[in-house]
Amino acid sequence: MARECDSVYTEHSLLDVIKLGAEEADRRHARGIRHPLSSMLTLLLIGFLLGKTTIRGMCRFFSCKDKLDQLTSFLDLPFGIPSPSCYTRTLAVVDPLPIVTCYADFLYQLVPHDPGKPQHLCADGKALNAAQNRALTGKSLYIINIFLAAYHLFTYQVRVGPKNQEGKVLEEEIYDILYQDPSVVTADAMATKKAIVDLICKAGSNAVLPVKKNNRKLLDLLLKFCLPLAQKDETTAHYLDLNGFVEDDLPSELIENTKCAVFDEDNRKEPDANSEHPIDTHTFFDKLYRYPAYTEKQPKTEQKNKRLSYILVGDRWVPMVYTHGRFERREYELFTEPALIDALHENATMDGWEKVDAVGLVTRYRGEYKRDPDTKEQYIQISVTRTPYILTDNPGSAKQFADIVKGHWAIEEGHNCLDDLFDEDHSTTRIGSAPETCSLFRKIAYNMISLLDARTQRKSPSSADRGRRLSETMESLARGGIVKIKKLISRRFRSPFLR
């Protein structure tokens, strides 16, 4: 799957890409074929762009005479619109891999490449909850998606099956997915395996991966070294994130009646009693972390439903931002101490993590209002979670490490948009490879809407507004109808990306 073109120009259209992929993906018997596969797949894409989330709804919508006349002007439909049962049988035997590969090469030619600035690729699995008969298998179908964070584009997908196979499948496919292009790869803890890290480095890329309880020995080793070194005075080793705000920009308040709880990784779980690094709450807050003292400040601007709260924890005032009904604060720290790196390289119980060049630590604070069941008194319970990260290349500062970690949230936003725009979680297409093929064309439709939104807006939207903006762009595209979509998928790109 080597790429043939390093240019940001292409003379191919999306319609050409679908036709090329359909030629290799068609596994139907030659006898009895009536509907060209490329036309069926193009209809599937157009249906998603027009807001139709089910195959039956698409077939009913396209069967109208005026819609059919518009479609036959650029699609080969000798027998009209296929029936829903024909669509289901056809998609069940389609091989999505050639289409995924052709589309990934096409998308690669559109994205500009800067050798000095590697692309950020996010890998994460998504469950198709209704696309598998859980009464028979007991498990949902999972697909690993590769997401280009800088441009909010899905670039690749791999079918997994059940979730517990995610790490194994990623290990088999990661080298081909990266195409040997310099990238920064982030994923969840399933991908934190020595074999995957070695393959990412072999492809010339850098890995930033979290360490959680599925790597208990590595987790204990990292926390044992990182916690005593936390909160150093160097500005490059520590970065405080107050949800994007500065302390002077928000109105402030004092809160004293709170309770605290310290968690290892997930604030939905209780601390592990068998952990090798028990941390007392008072010790954790008072000795390892030095918070600034509270001072009276006049806010520069009023932020609706947002305020800076100084919460008394032990004998320290902890600044946290109140937003979305909860208190939040994140701290990012970067460790490059030779003792820690040597321990990872030489520790026999770790099997040697020779590629690790730095270690990061993300500490998340989350406060929620609770009410005591006995006294009925309201208080704020603060949970603290600590997640170490292994990095195969030193980013240079904790701020840059924080940008990489927060950049991984982009794929979660993409997954939410797939559910909001195309109702993917409720899709009941479940026969053969049909769920995977439908998921692929939802992502192609999402990419088209995302590109349209980026072209019409000078500034990229914030995460809070992105779903609304994409929904408005999709509604505008639907108002243009089949004629507007035809122009988009038939256009041959000759200009640089997003210009």
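The values are calculated or read from the model by the stated rules, or taken from the named source; none is laboratory data. Computed from a predicted structure; not experimentally measured. Here Cβ is always computed from backbone atoms with ideal geometry, including for glycine, and neighbour counts include all displayed protein chains. Side chains are part of the model used for accessible areas, which takes the heavy atoms of the whole protein and leaves out ligands, DNA and RNA. Shrake-Rupley method; radii C 1.70, N 1.55, O 1.52, S 1.80 Å.
In table form, for the structure just shown:
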{"item": "Asp76 - accessible surface, heavy atoms, 1.4 Å probe, Å² rounded to 10", "result": "90 Å²"}
{"item": "Mean Cα-pair separation over length for the range 13-82, i.e. relative contact order, pairs under 8 Å, 6 or more apart, %", "result": "34 percent"}
{"item": "Percentage relative contact order, the range 356-443, counting C-alpha pairs under 8 Å, at least six apart", "result": "25 percent"}
{"item": "Cβ-defined net charge surrounding Glu331, 10 Å radius [Lys, Arg +1; Asp, Glu -1]", "result": "+2"}
{"item": "With all protein chains modelled, accessible area of His113 [1.4 Å, Å²]", "result": "80 Å²"}
{"item": "Largest-first ordering by accessible area, 1.4 Å probe, given options Leu77, Leu219, Leu68", "result": "Leu68, Leu77, Leu219"}
{"item": "Where chymotrypsin sites (Phe, Trp or Tyr not before Pro) fall in DSSP loop in the range 46-88, at most 12 other Cβ within 10 Å", "result": "Phe79"}
{"item": "Percent accessible area from carbon and sulfur atoms, the range 13-103, protein chains only, probe 1.4 Å", "result": "53 percent"}
{"item": "Sparse-neighbour loop sites [chymotrypsin sites (Phe, Trp or Tyr not before Pro); the range 368-408; at most 15 other C-beta within 10 Å; DSSP]", "result": "none"}
{"item": "Cα convex hull volume per residue for the range 78-205 (Å³)", "result": "140 Å³"}
{"item": "Largest-first ordering by accessible area, 1.4 Å probe, given options Val169, Val384", "result": "Val169, Val384"}
{"item": "Area of Leu222 that stays accessible when all protein chains are in place (1.4 Å probe, Å², to 10)", "result": "0 Å²"}
{"item": "Relative packing of peptides 159-168, 435-444 - highest average C-beta neighbours within 10 Å first", "result": "435-444, 159-168"}
{"item": "Percent breakdown of C-alpha pair distances by 5 Å bin, ordered from the shortest bin, for the range 1-115", "result": "2, 11, 19, 21, 18, 13, 8, 5, 2, 1, 0"}
{"item": "Computed lengthening from Lys224 to Cys86, 0.36 nm per intervening residue step minus Cα-Cα distance", "result": "43.7 nm"}
